[in-house]
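Q: Quick one: this structure, given as structure tokens, is what I'll be asking you about.
The values are calculated or read from the model by the stated rules, or taken from the named source; none is laboratory data. Small disclaimer: the values here were computed from a predicted structure and weren't measured. Positions of Cβ are backbone-derived with ideal geometry, glycine not excepted, and every protein chain shown enters the neighbour counts. The accessibility values were calculated without ligands, DNA or RNA, using every heavy atom of the protein model including side chains. Shrake-Rupley method; radii C 1.70, N 1.55, O 1.52, S 1.80 Å.
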Amino acid sequence: NNIYIYDIAEKELEKKNIPGEILTTNYLNFSEPRALEKLNGLKNITLKMYDVEAAGNGFHTKGYIFKKEEIYRIIIGSSNMTSAALTVNKEWNTKLISTENGDVAEEIIKEFNNLWAREYALSYDDFYEIYRERYNIIKHQREIAKSEEIPSLEKYRLKPNSMQERFIVNLRKILEQGEERALLIS
């Protein structure tokens, strides 16, 4: 689904030899490895992945920054650049047009450059193999979950072991006697 933009916009930029930087993220392991491979294969693109786990904070920005001469065109919003997102889906986006000296453009570029330079923004060679393995494991787990028509709650219900059952029975007795505290030593 994400390959749409790569095949159209990025190939056009590659033909014209226009350089670009793409900062993606491992948030929710959403990006398809083959799409990342395609992006990395474009000679005019530098690709990095922001590691949200190592950073300890979320990173789910969606923005596109285009610069031609001294003018920035910045699209910020909820949608990916897919055909449906840009034509029929209900998604909120805003497009800003600014000179390179405009306050908003300066702040956005500063934030992007800050994220790009952080130690959590990993180069393709540093993230790809590990990310691909994790993506495939999670994809396999999702397929297993989807294969069960109706998940059984019994299968996932926690059941106390015999020692825990005895503790629960004794705790109920203590509470029934009006006590407000109990101590379990295991």
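Q: With a ≥ b ≥ c the root eigenvalues of the C-alpha gyration tensor of the range 35-88, is it rounded (a/c under 1.5), prolate (a/b larger than b/c) or oblate?
A: It is rounded, given that a/c, with a ≥ b ≥ c, falls under 1.5.
Q: Further question on the same structure: Which of the lysines could be linked to residue 38 by a straight reach, that is with a Cα gap under 22 Å, when you skip same-chain ones fewer than 8 residues away?
A: Cross-link targets: 11, 15, 16, 48, 62, 139.
Q: Sequence-distant or interchain residues sharing an amide H contact under 5 Å with residue 21, placed H: which?
A: Long-range HN contacts for residue 21: 46.
Q: How many percent of the accessible area of the chain is carbon or sulfur, using a 1.4 Å probe?
A: Carbon with sulfur: 53 percent of the solvent-accessible area.
Q: Quick check: residue separation of residue 73 and residue 37 times 0.36 nm, minus the Cα distance between them. What number comes out in nm?
A: 10.3 nm
Q: Treat every Asp and Glu Cβ in the chain as -1 and every Lys and Arg Cβ as +1, leave all other atoms uncharged, and give the resulting dipole magnitude about the Cα centre to the nearest 20 debye.
A: 540 debye
Q: Provide the gained length on full extension for the span residue 112 to residue 145, in nm with one decimal, where the gain is 0.36 nm per separating residue minus the Cα-Cα distance.
A: Extending this stretch completely gives an extra 8.2 nm.
Q: Calculate for the chain the 222 nm mean residue ellipticity that helices alone would give, adding -39,500 (n - 2.57) per DSSP H run of length 4 or more and normalising by residue count, nearest 500 deg cm²/dmol.
A: Rounded to the nearest 500, it is -13000 deg cm²/dmol.
Q: Accessible area per residue for the chain in Å², computed with a 1.4 Å probe and the full protein assembly in place, what is it? Present the calculation step by step, with values, prior to reporting the outcome.
A: Details: 14030 Å² over 186 residues.
On a per-residue basis, 75 Å².
Q: If you take every DSSP beta bridge whose two residues both sit in the chain, what share of them, in percent to the nearest 5, is antiparallel?
A: Percentage antiparallel, nearest 5: 75.
Q: Given 0.36 nm per residue, what is the gain on full extension from residue 177 to residue 96 after removing their alpha carbon distance, in nm?
A: Separation in residues times 0.36 nm, less the Cα-Cα distance, equals 22.3 nm.
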